Amino acid sequence: MKTFLRLVRGVALAATVAVAVGLVMKVEWHTLSITDLFWKGIIPLVPLLLLLAPHVWRIICPVAALNLAGAKLGQGKQGNGRVRLPNGSFRWIKQYGVAVAAVLLWILVPLRLVLFNGSAAATLILVLAVVTAATVMGFLAPWKAGWCASICPVYPVEKFYGSAPRWVLHDSRCTPANSSESCFRCAVHCLDVSPDDPKYWIAMKNIPAARGVPQLQDFFLGSFPGFVLAYLLLNNFGGASRPASIVTAARDYGAFLLLMFASYGCYRVAQLVVFQQSSAETRQLWLRRLDLIMIVLAVNIYYLNSGVGLASVVSKLGGWATQQFAITLAIVVTAFVTSVYWLHRAWDTTTPPSARW
């Protein structure tokens, strides 16, 4: 399995380079632009993988490979990674990194509608900025602490979707040589640490939550279906053709905020109903089930939109234009069935400690 995942990671790195080169050259094939291939054909493959096996994604992610390459360049003589950031800054990143990542996600996703989706140059700049930031933060902080387990904009989504994985794998790159520890202990509440590592998770229980972070995490979870719905609605009502302007961007951000707060409001009402209708013994279980329902809602709303884009990419690559609707339906149904299966498995589970920010 390790060899296979290493091979897949190599392919993912090569694909990242190919996408970057294609964006520079503005490659098209069968009327399919490299920009559409990236945003509509590659990105939509990730959420279902996060739902079922988030650790597989974290092992094969090409940006994570670059983050760890930077970490290896910056490691100390003992091979345990050095902190080149000021102590106060590194401590702040460990406490508030996931909150920063969530804000970055909220900023970047709406920009797809007015900037990235229709611009190869803007997408190239974004890709280069992400890989550069990941590599530099790997050099400045030990292992995944500076990017993958903190400020990466995908990390809060990984924690959101990955709270009840079907398959759990350990990232062997995070295991120090000549040590009894299972990992480098570089980050708090790390998604890569096995739930079977009691020493780590007992230590995490003793770490107080940073001010405001639990409230922000609660808002992220409750507002995420609305966040995804906002993208679906805006993307299907002129999102792809709207001019990139401050007015358009402001209007989009306003729509996102409106639907996010509406979603969070419904989530809070549902929480109140749970508090009133459940007993003290079952309350935490039903609150967990409510969180799982929000995850399933977000996944299915996502594929109602992205399924169309992914189907268009597949139909163009395969020359199956007349079958595009059937391909779209197959993608949407697959996402729905997978999410229902996932919900059934997770229904009686407890929230894992790695879900904490």
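Hey, residue 244 hits all of (1) outside any helix (DSSP H, G or I); (2) surrounded by 22 or more Cβ atoms within 10 Å (Cβ to Cβ) but one; which does it fall short on?
So the condition that residue 244 fails would be (2).
Being in contact with a Leu (Cβ under 8 Å, 6 or more places away or on another chain) and among the charged types (D, E, K, R) is the filter here, so list the residues in region 83-109 that pass it.
Result: 84, single match.
State whether one or more residues within region 83-93 are modelled with pLDDT of 95 or more and of a type in the set (Ser, Thr, Tyr).
no
Among the residues of region 262-306, how many are under 18 Å from residue 157 (Cα atoms) and of a type in the set (Phe, Trp, Tyr)?
Count: 4.
Going by what's in this entry, would residue 124 be described as modelled with pLDDT of 95 or more and over 18 Å from the mean Cα position of the chain (by Cα)?
Criteria met by residue 124.
I'd like to know if region 86-102 contains one or more residues that are of a type outside the set (Lys, Arg), in a helix (DSSP H, G or I), within 21 Å of residue 15 (Cα to Cα) and in contact (Cβ under 8 Å) with a residue 60 or more places away in the chain.
Checked region 86-102: no residue is of a type outside the set (Lys, Arg), in a helix (DSSP H, G or I), within 21 Å of residue 15 (Cα to Cα) and in contact (Cβ under 8 Å) with a residue 60 or more places away in the chain.
Of these, 315, 279, which one is polar (S, T, N, Q), crowded, with 16+ Cβ neighbours inside 10 Å and either in contact with a helix residue (DSSP H, G or I) (Cβ under 6 Å, 6 or more places away or on another chain) or not in a helix (DSSP H, G or I) (or both)?
Only one candidate passes the filter, namely 315.
Identify the single condition in (1) surrounded by 23 or more Cβ atoms within 10 Å (Cβ to Cβ); (2) out of contact with any helix residue (DSSP H, G or I) (no Cβ under 9 Å at 6 or more places or on another chain) that residue 87 does not satisfy, given that it satisfies every other one.
Unmet condition: (1).
Here's the yes/no breakdown for (1) within 30 Å of residue 344 (Cβ to Cβ); (2) under 21 Å from the mean Cα position of the chain (by Cα); (3) part of a helix (DSSP H, G or I):
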position: 229; (1), (2), (3): yes, yes, yes
position: 249; (1), (2), (3): no, no, yes
position: 261; (1), (2), (3): no, yes, yes
position: 284; (1), (2), (3): yes, no, yes
position: 287; (1), (2), (3): yes, no, yes
position: 293; (1), (2), (3): yes, yes, yes
position: 300; (1), (2), (3): yes, yes, yes
position: 306; (1), (2), (3): yes, yes, yes
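Filter region 312-323 for residues that are within 19 Å of residue 35 (Cβ to Cβ) and free of Cβ contacts under 8 Å to residues at least 40 places away in the same chain and give the result.
315
Looking only at region 94-110, count how many residues are surrounded by fewer than 18 Cβ atoms within 10 Å (Cβ to Cβ) and either modelled with pLDDT under 95 or touching an Asp or Glu at 6+ places or on another chain (Cβ under 7 Å) (or both).
0
Of all residues in region 139-161 being of a type in the set (Phe, Trp, Tyr) and in a helix (DSSP H, G or I), which is surrounded by the fewest Cβ atoms within 10 Å (Cβ to Cβ)?
Here the answer is 139.
Counting just the residues of region 195-222 that are of a type in the set (S, T, N, Q) and surrounded by fewer than 16 Cβ atoms within 10 Å (Cβ to Cβ), which one comes out farthest from residue 155 (Cα to Cα)?
Per the stated criteria, the residue is 206.
Here is a list of conditions, (1) outside any loop (DSSP other than H, G, I, E, B); (2) surrounded by fewer than 23 Cβ atoms within 10 Å (Cβ to Cβ); (3) touching a helix residue (DSSP H, G or I) at 6+ places or on another chain (Cβ under 7 Å), and residue 164 meets all of them except one; can you say which number that is?
Failing condition for residue 164: (1).
Only residues in region 337-351 that are farther than 11 Å from residue 287 by Cα and at pLDDT below 95 count as the first member; pair them with residues that are in a helix (DSSP H, G or I) and not basic (Lys, Arg), Cβ under 6 angstrom, at least 6 apart or cross-chain, and list the lot.
The qualifying pairs do not exist here.
The values are calculated or read from the model by the stated rules, or taken from the named source; none is laboratory data. As the structure is a prediction and not an experimental result, all values here were calculated from the model. Glycine also receives a Cβ, built like all others from the backbone with ideal geometry; neighbour counts cover every protein chain displayed.
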